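The values are calculated or read from the model by the stated rules, or taken from the named source; none is laboratory data. This is a predicted model, so every value here is computed, not measured. Please note: Cβ atoms are built from the backbone with ideal geometry, for glycine as well, and neighbour counts cover all protein chains shown. Only protein heavy atoms, including side chains, enter the accessible area calculation; ligands, DNA and RNA are left aside. Shrake-Rupley method; radii C 1.70, N 1.55, O 1.52, S 1.80 Å.
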Amino acid sequence: MSSLVLSDSAFAEIRLGSHFIYLGGARVGPYTIRATLKQSQREVEIVLCTKARFLDDQGSELPGDKRMQATRIDEKLIIVMLKEPSTTLTSSECP
């Protein structure tokens, strides 16, 4: 953190559709934060790769075919990556 100046906002790469009964419009990772390196003033993007679990009211993970009925999401940070702003990232690039 002492080498970077972070932007005030982060961007989620995935937005859940209206077919998610309770979570339509919710966002899940990966998340991207724009930053500037203090010494060089070069811009970079920090990508936070997460693993999402879709949970029911009791906190039990739902299988893939029942995810649309989830009432909440639990995300765990998997990896942090730095990339050039001009390159695009797809969620498949995260482990």
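Here the gap between His19 and Leu6, fully extended at 0.36 nm per residue and compared with their Cα-Cα distance, gives a gain of 1.3 nm. Which residue, chosen from Val47, Phe11, Pro85, occupies the Cα position most advanced towards the positive end of the dipole of the chain, where the dipole is computed from +1 (Lys, Arg) and -1 (Asp, Glu) charges on Cβ about the Cα centre? With unit charges placed on the Cβ atoms, the residue in question is Pro85. Step through the residues of the stretch 20-31 one at a time and calculate ³J(HN,Hα) from phi using the Karplus curve (6.51 cos²θ - 1.76 cosθ + 1.60, θ = phi - 60°), rounding each to whole Hz and writing x for Gly and Pro. So the J values, rounded to whole Hz, are 7, 4, 9, 10, x, x, 5, 10, 9, x, x, 10. The stretch between Leu77 and Arg42, if pulled fully straight at 0.36 nm per residue, gains 10.1 nm over its current Cα-Cα span. Within the set of other residues whose C-beta is less than 15 Å from the C-beta of Gly24, count the net charge using Lys and Arg as +1 and Asp and Glu as -1. For residues surrounding Gly24, the net value is +4.
For Rg/Rh (Cα atoms, Kirkwood Rh), computed directly from the structure shown, the correct entry in (i) 0.93; (ii) 1.07; (iii) 1.11 is (ii). Note on the chain: with neighbouring protein chains present and a 1.4 Å probe, carbon and sulfur make up 50 percent of its accessible heavy-atom surface.
Within straight-line reach of Lys83, meaning a Cα separation under 29 Å, sit the following lysines at least 8 residues removed in sequence or on another chain: Lys38, Lys51.
In a simple Cβ point-charge model (Lys, Arg +1; Asp, Glu -1; nothing else charged), the chain has a dipole of about 120 debye relative to its Cα centre.
A simple packing score, the average count of other Cβ atoms within 10 Å per residue, orders the peptides 35-44, 64-73 as 64-73, 35-44, with the highest score first. Close amide H pairs (under 5 Å, H built 1.01 Å from N) link Thr71 with Leu55, Asp56, Asp57, residues at least 5 positions away or on another chain.
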